[in-house]
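Student: Here's a structure for you.
The values are calculated or read from the model by the stated rules, or taken from the named source; none is laboratory data. Everything numeric here is computed off the predicted structure, so don't read it as measured data. A quick note on method: Cβ atoms are made from the backbone with ideal geometry, for glycine too, and the neighbour counts reach across all protein chains shown. Protein only, heavy atoms only, side chains kept; ligands, DNA and RNA dropped before computing areas. Shrake-Rupley method; radii C 1.70, N 1.55, O 1.52, S 1.80 Å.
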Amino acid sequence: MIPKSHPRYESLITRDKIVDGINKGITSTQGLIAQGRGEAFDYLIGEKTTPGALNAEKTAAALLILAKNPVISINGNVAALVPEEIIRLSEAVNAPLEVNLFNRTEERAEKIIQHLVSYGAKNMRIKTDALIPGIEHDRTKVDSSGIFSADVVLVPLEDGDRCKALVDMGKTVIAIDLNPLSRTAQTASVTIVDNVVRAIPNMTRFADELRSSGKDELQKIIEEFDNKKNLAQAIDDISKHLSSSLLLTLSANII
Ligand code: ATP
């Protein structure tokens with residue numbers, strides 16, 4: 001049991017959730033490595049949601065509300081880290097959940113579906129009767145009434161190839177990725193540079209706030225967003241955070 005007073009409490013709880021996901025057979029061992037890379041970038045960002053990330057989360061909520069066929073893609077890390085939160089978002093924006101795995105086995109996909117159902121998921125797409133053109137690995141398999149026909153897809157923790165393939169299909173792709181330099185981050189239509197454990201509840205809050213807004217107001221939020229500027233801002237936030245950490249360290253040593 002990790003005491004709440006531990007300075008790295010949130011981070012350690014997140015690790016436990018991933019390990020638990022592996023023990024349950026819903027998260028892949030490669031998912032551990034992805035989590036490690038994410039943690040490193042979270043550290044550089046300051047383990048908090050930046051104003052830029054918050055703006056991307058608001059834009060993403062507006063896009064999901066306005067979409068005709070929004071879909072939320074789920075992998076083993078997302079299922080382990082934010083099962084309740086992602087279901088809540090799915091309900092808030094009326095977007096079905098679809099399991100899509102890089103290291104796919106039917107057994108793991110089924111376990112994730114059952115895991116989400118045990119948390120109350122009702123709106124899911126579970127077929128794999130269509131293929132995304134241009135990808136060779138198992139992530140090409142999707143549901144014809146889900147990701148394949150979606151206009152807006154939320155892909156928390158995506159790989160770069162599939163993100164590009166979805167954009168090439170003409171879809172609006174919202175990615176959540178702590179690394180602003182990853183191929184996914186650079187290719188997505190809207191990149192949320194934040195930890196999925198903070199980003200998903202933030203998006204749900206925005207969706208609840210924006211649901212009663214008019215179409216014009218939502219459209220304005222979307223039009224004002226520029227992903228290139230958003231990514232540049234995220235990189236700048238990292239360097240500013242590093243500079244201020246350096247100053248703190250130097251002043252502590254002087255005193
Ligand atoms: P790409 O193919 O896009 O270049 P990659 O090969 O760098 O991606 P993967 O191993 O496919 O990365 O996926 C891990 C990505 O997910 C990393 O960019 C990492 O920063 C990010 N990530 C991992 N855990 C989280 C998390 N909890 N929240 C947000 N992002 C995360």
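Student: Compute the separation of the alpha-carbon centres of the stretch 207-255 and the stretch 2-70 and state it in Å as a whole number.
Tutor: Each part's Cα centre sits 17 Å from the other's.
Student: Follow-up. Give me the extension gain from Glu84 to Ser149: residue separation times 0.36 nm, minus the current Cα-Cα distance, reported in nm with one decimal. The partial results should precede the final answer.
Tutor: Numbers: separation 65, 0.36 × 65 = 23.40 nm, distance 2.52 nm.
Result: 20.9 nm gained on full extension.
Student: Turning to a different aspect of this structure: If one takes the longest principal axis of the Cα atoms in the chain, at what angle in degrees, from 0 to 90 and to the nearest 10, does the Cα axis of helix 227-254 lie?
Tutor: 30
Student: Sort the following peptides by mean Cβ neighbour count (other Cβ atoms within 10 Å, averaged over residues), highest first: 54-66, 72-84.
Tutor: On the way: 54-66: 23.5, 72-84: 25.4.
Taking the mean over residues of other Cβ atoms within 10 Å, the ranking is 72-84, 54-66.
Student: Here is a further query. For the chain, what does the helix formula give at 222 nm: sum of -39500 (n - 2.57) over DSSP H segments with n ≥ 4, over the residue count, nearest 500 deg cm²/dmol?
Tutor: Details: 11 runs with 145 residues, N = 255.
The helix-only estimate for the chain comes to -18000 deg cm²/dmol at 222 nm.
Student: Right, next: Please compute the per residue accessible area over the chain with all protein chains in place, 1.4 Å probe, rounded to a whole number of Å². Please list the in-between numbers first.
Tutor: Numbers: 12720 Å² over 255 residues.
The answer is 50 Å² per residue.
Student: Calculate, in nm to one decimal, what Leu181 and His137 gain on full extension: separation in residues at 0.36 nm each, minus their alpha carbon distance. Each step should come with its number before you reach the end.
Tutor: Working: separation 44, 0.36 × 44 = 15.84 nm, distance 2.27 nm.
Working it through step by step, the gained length comes to 13.6 nm.
Student: Here's another thing I want to ask about it. If R0 is 45 Å, what FRET efficiency do you get for Asp168 and Ile2 from their C-beta distance, rounded to 0.05? Don't jump to the answer; show the numbers that get you there.
Tutor: Numbers: r = 43 Å, r/R0 = 0.96.
My answer for the efficiency is 0.55.
Student: Calculate how steeply helix 51-66 sits against the longest principal axis of the alpha-carbon atoms of the chain, using the helix alpha-carbon long axis, and give the answer as 0 to 90 degrees to the nearest 10.
Tutor: Orientation of helix 51-66: about 10 degrees from the principal axis.
Student: Pulled fully out, how much extra length does the chain show between Asn103 and Thr249, if you take 0.36 nm times their separation in residues and subtract their Cα-Cα distance?
Tutor: Values: separation 146, 0.36 × 146 = 52.56 nm, distance 4.18 nm.
Between Asn103 and Thr249, full extension yields 48.4 nm more.
Student: What do you get for Rg/Rh of the chain when both radii come from the Cα atoms and Rh is the Kirkwood radius?
Tutor: Numbers: Rg = 18.2 Å, Rh = 18.7 Å.
Over the Cα atoms of the chain, Rg/Rh equals 0.97.
Student: Explain nothing, just the number: dipole magnitude of the stretch 102-252 about its Cα centre with +1 on each Lys and Arg Cβ and -1 on each Asp and Glu Cβ, in debye rounded to the nearest 20. Mind dumping the intermediate values first?
Tutor: Details: 20 positive and 23 negative charges, 42 e Å.
Using only the charged Cβ atoms, the result is roughly 200 debye.
Student: Relative to the longest principal axis of the chain, what angle (0 to 90°, nearest 10) does the C-alpha long axis of helix 196-210 take?
Tutor: It is inclined by approximately 70 degrees.
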